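What follows is one structure encoded as structure tokens, with my remarks underneath.
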Amino acid sequence: MMVKLRNMAVALLLTAVGAYGCSEEVPFTDNPSCKAEFSTDTLSFDTVFTAIGSATDCFKIYNRHESGIRMDVSLVGGNDSPFRINVDGQSGIVISDVVILPEDSAYCFVSVSIDPHDADNPVLVMDSIRFARKDGSAQYVRLMAYGQDVIILRNEKIVSNRLLTSSRPYLIYDTLFVDKNAVLGIEAGTRMYFHDRSMVRVAGKILASGTCDNMIVMRGDRLDNLLQDVPYDLLAGRWGGILIDSCSFGNQFVGCDIHGGTWGIKTDTASIVREKLLVNSSIIHNVSEDCLQLNYCRSRIYNSQITNSGGHCVSLLGGDNSFQFCTIADFYPWTEKLSAVDIRNKADSAVVPIVNAGFRNCIITGSAADEVTGLVVDSISGQRPEDVSNYSFSHSLIHTLDTLNRHFHDNVWDKEDNPVYGAGNFRHISSGDYRYDFHLDSLSLARFNAVSSDAFRYDLDGVERPDSLADAGCYQYVGK
């Protein structure tokens, strides 16, 4: 029986080849009015790092007619073109006698490689693909790409004080390591692109000094799209993250946009005598593990958006940590939901004291059943209870089931019977297009719920907060 089926399959295949494989049996036209159609008239690449090349993009060539079309396909720029083409498996500067059968189509794949040009700003390169018919008529698809010179850092070790400037982007491979006695400064507007699995490890100190209108950006290095409308930049896990060693103190991330990594910032267990980390007016967004993982350290997290994680947005193990005017929200679309905030003072059998875990004027919400979880031991023999469980949530909008907890006061509860709830508190939260805008909706109950403070007069966008009844979270509401 299997032999008969195999013979039938071979016969069908030979019939198909006989019907469509012999161009002599297909009517072809030289009528110039029977033109090909294209899925685009201009193929535009996102910025391409010079000397690195690009991922391949493509468009389709359609023959909508009842006769076949023959064309010669070529790059107008010839051998000097930075682009390369492939049509139906054939590559070259000129591809002769491309056949598209009636009511059929073909793919044209295009890649681009741009030589370094020793310039800080991107340089535009252009060309066209010519589709020439035997009758002398021709059609064209334009090609455009911007080439950006970058500073490439491969397994870079910073052993003395150094400043990264904003003149050109940095492309980081492997690990960017800041040695114990070194300080790495990062200038406002600096762009840092990280290759797959690359990361920053800090034994010394990082001082990143961005501003609300000129942020430091740390992201993955894929500039192309996964799908037509889904850039790789919207996906998590594109690079590693920032790891701060136990010996490192005094790190500052001000005006930073850190997104798309495996994690955001995580700290090794250290000491609370010295401040380990300040995050101010920054964004840590869309990571596949924890956005912030703070293990027995002293940190201050102010005026920041900490959102969308495959783990927790904020994971605290003991320590002295203060959060003010932060939007901590988790609508991560890829994995089972964990809470936005997780607080613990016990690791295995060891007690790790929570000297302070304070959340004030914050938003803590998401799509999990409870967005504040953890394991907190209230009393341990030989220690005062407040030494191991001194935490508080106040003047915040919080989605939690633990509304009777004595550590919660002056809060508004984010619950389903509110006028808006969860994602409805924000301007645009969509797992459909993977775009998230955590600015407040006009009906959000986070509005008018915070206690104003001169220390936080301006929000993450630089918008001034009122003298009283400010909005919780990192964004003060402004009309669209």
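Considering only S339, V48, V141, the residue lying farthest towards the positive end of the dipole of the chain is S339, judged by Cα position with unit charges set on Cβ. Bridge orientation summary for the chain: considering DSSP beta bridges with both residues in this region, about 30 percent are antiparallel. Using a cut-off of 23 Å between Cα atoms, the listed pairs K205/K266; K205/K346; K157/K346 include K205/K346; K157/K346 as exceeding that distance. 3J(HN,Hα) couplings calculated from phi for the range 463-473 with the Karplus curve 6.51 cos²θ - 1.76 cosθ + 1.60 (θ = phi - 60°) are, in sequence order, 7, 6, 7, x, 5, 8, 6, 6, 8, 5, x Hz; Gly and Pro show x. Only helical runs count toward this figure. For the chain, summing -39,500 (n - 2.57) over DSSP H runs of n ≥ 4 and dividing by all residues gives -1500 deg cm²/dmol at 222 nm. Length gained on full extension, C247 to V273: 8.1 nm, using 0.36 nm per residue less the C-alpha separation. Between D213 and F109, what FRET efficiency comes out of the Förster formula 1/(1 + (r/R0)^6) with R0 = 35 Å and r the beta carbon distance, rounded to 0.05? About 0.35, to the nearest 0.05. In plain terms, the chain from K415 to D196 could stretch by 74.9 nm, reckoned as 0.36 nm per residue minus the Cα-Cα distance. Straight-line cross-link reach from K60 at under 16 Å between alpha-carbon atoms covers these lysines, not counting any fewer than eight positions away in the same chain: K35.
Counting protein heavy atoms only, the chain has 49 percent of its accessible area on carbon and sulfur, 1.4 angstrom probe. From the alpha carbon centroid of the range 125-155 to that of the range 38-82 is 7 Å. Excluding residues on the same chain fewer than 8 positions from K134, give the aspartates and glutamates whose Cα lies under 15 Å from its Cα. Leaving aside aspartates and glutamates fewer than 8 places away in the same chain, those within reach of K134 are D30, D72, D97.
Under the convention that each Lys and Arg Cβ holds +1 and each Asp and Glu Cβ holds -1, the size of the dipole of the range 277-371 around its Cα centre is about 340 debye.
Based on the mean of other Cβ atoms within 10 Å per residue, sort peptides 118-126, 318-326 so the most packed one is first.
On the way: 118-126: 12.9, 318-326: 24.6.
Those peptides, ordered most packed to least, come out 318-326, 118-126.
Computed about the Cα centre, the dipole magnitude for the chain is approximately 860 debye when only Lys and Arg (+1) and Asp and Glu (-1) carry charge, each at its Cβ.
With the simple model of a label 7 Å out from the Cα in the direction of the Cβ, A51 to D120 spans 1.9 nm. Once the 1.4 Å probe is applied to the protein heavy atoms, the chain comes out at 46 Å² accessible per residue. Compute the angle between helix 2-20 and the longest alpha-carbon principal axis of the chain, please, reported from 0 to 90 degrees and rounded to the nearest 10. Rounded to the nearest ten degrees, it is 70.
The values are calculated or read from the model by the stated rules, or taken from the named source; none is laboratory data. All values derive from a computational prediction rather than experimental measurement. Reconstructed Cβ throughout: ideal geometry from the backbone, glycine too, with neighbour counts over all protein chains shown. Heads up: the accessible areas ignore ligands, DNA and RNA and are worked out on the full protein's heavy atoms, side chains in. Shrake-Rupley method; radii C 1.70, N 1.55, O 1.52, S 1.80 Å.
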